[in-house]
Structure formats: C-alpha cells, structure tokens
Amino acid sequence: MGREVVRALARDDGLRVVGAVDPHGLGADAGVLAGLDPLGVTVSGDLEEVLRETKPEVMVDFTSPTVVASNARTAIRAGVHPVIGTTGMSNEDLADLRRLCAETGVGGFVAPNFAVGAVLMMKFAEMAAKFMPAVEIIELHHDQKADAPSGTAIKTAEMISNARGEYRQPSVTKVLKLDGVRGGNYDGGIRIHSVRLPGLVAHQEVIFGGLGQTLSIRHDSISRESFMPGVLLAVRRVIGLREMVVGLENLIFE
Ligand SMILES: NC(=O)C1=CN([C@@H]2O[C@H](COP(=O)(O)OP(=O)(O)OC[C@H]3O[C@@H](n4cnc5c(N)ncnc54)[C@H](OP(=O)(O)O)[C@@H]3O)[C@@H](O)[C@H]2O)C=CC1
Ligand SMILES: O=C(O)C1=N[C@H](C(=O)O)C[C@H](O)C1
C-alpha cells in the first residue's frame, strides 16, 4: 500500500510527497521503490525526524496494527493530520486518538476501506439488514494479510448489528467437526469467515437469508488502485478537519 500511495500522490498535480517512513528500503528513493522516476525523497526509519524536518501537512499511514496508533499520536502532536488506512486498531486506541484530535484541534481521518464500492457494499448491507436480519459475511484477501477478520468485515458487522437492533441470530449447528468451521462470531451471532489465498486482492460477500430466498451483496477490489481515489480525497479533506472522522462515507455522502 505504501508504494501504491506514493504512486498516487506523485501523479497528483496538487500534492507532493515530502517524506517516506518504512523499516525496509532505508536510504532508497521512495519514487524508485514505487516504480517511478526518483522523487528526491529518501526512505527513513524515524517518523519523528521526518515530520520535524519535512513539516508535512498530512501523514498517510498504511502500516501495521501494532504501530498505527503510536504513529498517529506522533503526527497529531507534531500538528500533522493523519490519514489512516491501517486496520486492526483497538477501540481504546481509537478513542484516545479522538481525544487527542479534539484537544489539539488537529483533525484526523480513519477508514477501514477507501474503495467507494466497498463503502456502498457496507451501506447496502446496512439497508438490507433491516428487512433480512439473518446474515453471514465472507471476506477474501491475499495471503499476505496480517489481520483477520478484515477491518471492512468488522465494520460491516457493526453496521448490520446496529441496523437490525435486538435480533439475535439462532445457532442450531452444535456438532462442529473442525475448529472454527462456523467462522468468527461477531456480537449478536454474525458469523465472519476469512479466506486467505494467493491471487486474491480484497473481496467481501455479505449473504442474507430469508424465507425461500437469499440476497448476496459482493464487492471486489481487483487492484489496489481501487483505494487511491479515496485516499487522495481524504488527504485533501483532512486538512480542514478539527476532529477525528471515521469512515469514507462521511466524506462522500455529505
Ligand atoms: N483502509 C483501506 O482501504 C486499506 C487498508 N489496508 C490496511 O493497510 C495496512 C497495510 O497493508 P499492506 O500495505 O498490505 O501491508 P504490508 O505489511 O505489505 O505493509 C506495511 C508496511 O509497513 C511497515 N511498517 C511497520 N511498522 C512501521 C512503522 N512504525 N512505520 C512505518 N512503516 C512501518 C511494514 O514493515 P514490516 O514488514 O517490517 O512490519 C511493512 O513494510 C493493513 O492494516 C491493511 O489491512 C490495506 C489496503 C486497503
Ligand atoms: O489488507 C488488505 O489488503 C485490506 N485491508 C483492509 C481491511 O482489512 O478491511 C481493506 C481492504 O479490505 C484491503
């Protein structure tokens, strides 16, 4: 994602990459690593130093659940607006970042999925849940993905759970011949199944069941370019935010 973001930012006339941080590729040119001509931006391992020396307006974070919150705190304290795509951040860390944004007036933005089709898939699933509350989610990703279930699947389950209210999905299958065969159990009985295979990018199917019928809502990111318009929109808009905003729907459905 880092390379994809560098490519998207470098190709945008109104935006400029001024720094790049990653434990790998130290000393290399970020443009060259992203398959472009040199950008004159050297990859560093020290976020604080990069923020201090390059004074960016925005920091885009696609890293890992273990470091994302501390990166965001570092950025906000330096007056830099974070745009966060990394999934797997705890609710406590998110609440803490909200507090820090509110205290400092430095707005930030987090989205579990920057693809507009995925945002629509989640919205449609939320709408369907009011009428067809029995549902399971299958998310499918490339085999290098560090976390499961995906942030998108968790967000979808949360939206469905809120939309269908008190409904509790019955579970009559008691004889489980393999561990985990019924998937992970999100609050209220929404089962999430995570598939990891080479060849996949990022996909999700939400299957609703009703009397004599099913409804499947599916989104496929067939390339990581799918996330870039959302990332660029967030980079432009986060500068005007004074709080932490969560979800691309808040930028595109206003
Ligand atoms: N919101 C969205 O639309 C999308 C979100 N994602 C999410 O983005 C995240 C990254 O995905 P992806 O690019 O595939 O993952 P990768 O593991 O390929 O890349 C993450 C990179 O960040 C590096 N890293 C680790 N710690 C730091 C740090 N402190 N500072 C800077 N870089 C660091 C990692 O190094 P190392 O390998 O040494 O840990 C690695 O090179 C995941 O959480 C994924 O779920 C992905 C696609 C879309
Ligand atoms: O790791 C990925 O690839 C993706 N992660 C995000 C998630 O966990 O939902 C978004 C998208 O699914 C791609």
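The ranking of LEU39, LEU215 by Cβ neighbour count inside 10 Å, starting from the fewest, reads LEU215, LEU39. One quarter of the convex hull surface built on the alpha carbon atoms of segment 116-222 amounts to 7.3 nm², the projected area averaged over directions. Quick check on segment 116-222: of the DSSP beta bridges with both residues there, what percent are antiparallel, nearest 5%? For segment 116-222, the DSSP antiparallel bridge percentage is about 75. If R0 equals 30 Å, the separation of the Cβ atoms of MET1 and ASN91 corresponds to a calculated FRET efficiency of about 0.85. The smallest convex shape that holds all Cα atoms of the chain, its convex hull, gives 143 Å³ per residue.
Computed from Cα positions, the angle between helix 228-238 and the longest principal axis of the chain comes to roughly 70 degrees. The charge dipole of the chain, taken about its Cα centre with unit charges on the Cβ of Lys, Arg, Asp and Glu (plus for the first two, minus for the last two), comes to roughly 660 debye.
Between helix 116-129 and the chain there is an angle of about 30 degrees, using the helix long axis and the longest principal axis of the Cα atoms. When the alpha carbon coordinates of segment 69-125 are projected onto the principal axes, the ranges are 37, 20, 17 Å, largest first.
Think of the chain as a dipole: +1 on every Lys or Arg Cβ, -1 on every Asp or Glu Cβ, centred on the Cα centre; then among GLY85, HIS219, VAL206, VAL206 lies furthest on the positive end.
Coordinate-derived values only; no laboratory data. Worth saying up front: this structure is predicted, and the values here are computed from it rather than measured. So basically every Cβ, Gly included, is an ideal-geometry build from the backbone, and we count neighbours across all protein chains shown.
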